[in-house]
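Everything on this sheet refers to the single structure shown next.
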Amino acid sequence: MDEDPAPEQVDPVRGEPRWPMAVAVVAASALTTLRPAELRLLPAWVLPIVEVLLLVVLVVRDPGRIDRRSRNLRYVSICVVALLLVDALVATGHLITVLVRGGHATDSAESLLLAGAVVWVSNIVAFSLLYWELDSGGAAARAHGSTATPDLAFTQQLSPELAPAGWRPQFHDYLYLGLTSSTAFSPTDVMPLAGWAKLAMAVQSLISLSVLGLVIARAVNVLA
C-alpha cells in the first residue's frame with residue numbers, strides 16, 4: 001500500500017536582528033547632545049530618553065529578530081523613526097538659518113564644522129531608518145514576504161543570480177543607501193520605485209548638498 005506523502009516542510013520565518021537598528025537609534029539620539037543649543041528644538045536629554053523608552057517597548061514585545069507582525073509595534077517603530085527624522089530636519093533648518101544670519105555655531109571654523117558634521121550624520125541615520133521602516137511594509141513584513149513588489153529595488157533583487165537564496169535587504173543595506181544618497185546626491189545601486197522613496201531621496205540629496213555647501217563655504221570664510 002502506498003504511504004501518504006509527507007507534509008511539505010515550511011521554512012520558519014527568520015527576521016533580521018533588531019540590534020543594528022537599535023544601535024543606529026541610540027547613536028542618532030546621542031548625536032543630538034553634541035549640537036549647540038541653538039540647533040536643538042528641545043533640551044538635550046529629552047529625545048534620547050524618549051527614544052530609549054520606545055526602543056525598550058520594541059525589544060520587550062519583539063526580542064531578538066524582527067519577525068512579529070503587529071500593528072501596534074509598527075506604530076511604535078514608525079514613531080521612533082519619525083521623531084529622529086523631524087529632529088534632524090529641524091536641526092538642518094536651524095543650521096541653515098545660523099549660517100545665513102550668524103550665530104554662536106559660526107564663531108569658529110571648528111565649532112561650525114562639528115555642528116555641520118553632526119547634522120549631516122544625523123540626516124544620514126534618520127533617512128536610513130526611514131527607508132528601512134517603510135520599504136515593503138517594514139522589516140517584519142519583509143521577513144514574511146507579505147509584499148509582492150518592493151518600494152526600493154536593490155541590486156540583489158534586480159539580479160537574483162547575484163544573491164544567495166532568500167536574500168532580503170537588512171538595516172546595513174539601508175544605511176549604505178542613506179550614505180550614498182548624501183554623498184552622490186542621486187541613486188547609485190538602489191532604485192526608488194515608490195513615490196515616497198523618490199521624494200525622500202530627493203529631499204535627502206538636497207539637504208546634504210545644502211549643508212555641505214554652506215558649511216564648507218562658511219568655514220573657509222571664517223578661516224580666511
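Here is a yes/no grid of residues against (1) farther than 24 Å from A200 by Cβ; (2) part of a helix (DSSP H, G or I); (3) at pLDDT below 95; (4) in contact with a Gly (Cβ under 7 Å, 6 or more places away or on another chain):
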| site | (1), (2), (3), (4) |
| --- | --- |
| D4 | yes, no, yes, no |
| S29 | no, yes, yes, no |
| P63 | yes, no, yes, no |
| C79 | no, yes, no, no |
| T92 | no, yes, yes, no |
| V98 | yes, yes, yes, no |
* Just checking, how many residues over the stretch 135-153 are part of a helix (DSSP H, G or I) and surrounded by 18 or more Cβ atoms within 10 Å (Cβ to Cβ)? -> 6
* Scan D107, D151 and give me the residue that is touching a helix residue (DSSP H, G or I) at 6+ places or on another chain (Cβ under 9 Å) and under 25 Å from A37 (Cα atoms). => D107
* Asked: Taking into account only those residues within the stretch 12-27 that are assigned to a helix (DSSP H, G or I) and out of contact with any Ser or Thr (no Cβ under 9 Å at 6 or more places or on another chain), which is surrounded by the most Cβ atoms within 10 Å (Cβ to Cβ)?
  -> V25
* Structure fact -> Of the listed residues (S122, S208, S186, S136), the one being touching a Leu at 6+ places or on another chain (Cβ under 9 Å) and more than 18 Å from P20 (Cα to Cα) is S136
* Output the residue which, of all residues in the stretch 179-224 that are exposed (fewer than 13 other Cβ atoms within 10 Å of the Cβ) and closer than 20 Å to S122 by Cβ, is nearest to the chain's Cα centre (by Cα). => L199
* Kindly indicate the residue of the stretch 71-101 that is among the polar types (S, T, N, Q) and closer than 15 Å to V211 by Cβ and also surrounded by the fewest Cβ atoms within 10 Å (Cβ to Cβ) among those meeting that condition. => T97
* Within the stretch 102-111, is there a residue that is crowded, with 17+ Cβ neighbours inside 10 Å and of a type in the set (V, I, T)? -> yes
* Is it true that A148 is in contact with a Leu (Cβ under 6 Å, 6 or more places away or on another chain) and not aromatic (F, W, Y)? -> no
* Within the stretch 34-45, is even one residue of a type in the set (D, E) and surrounded by 19 or more Cβ atoms within 10 Å (Cβ to Cβ)? -> no
* Name the pairs whose Cβ atoms lie under 8 Å apart, with the first residue in the stretch 127-142 and closer than 14 Å to K198 by Cα, the second of a type in the set (D, E, K, R) and part of a helix (DSSP H, G or I), and 6 or more positions between them or separate chains? -> D135/R142
* To do: List every residue pair whose Cβ atoms lie under 7 Å apart, where the two residues are 6 or more positions apart in sequence or sit on different chains, the first residue falls within the stretch 169-197 and is under 18 Å from L158 (Cα atoms), and the second residue, located anywhere, is part of a helix (DSSP H, G or I) and of a type in the set (K, R).
  => P192/K198
* **Total residues in the stretch 154-178, condition touching a helix residue (DSSP H, G or I) at 6+ places or on another chain (Cβ under 9 Å) and either farther than 25 Å from V125 by Cβ or among the polar types (S, T, N, Q) (or both)** => 6
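The values are calculated or read from the model by the stated rules, or taken from the named source; none is laboratory data. Remember, predicted model here, so these are calculated numbers, not experimental data. Using ideal geometry, Cβ is built from the backbone for each residue, glycine included, and neighbour counts are taken over all protein chains shown.
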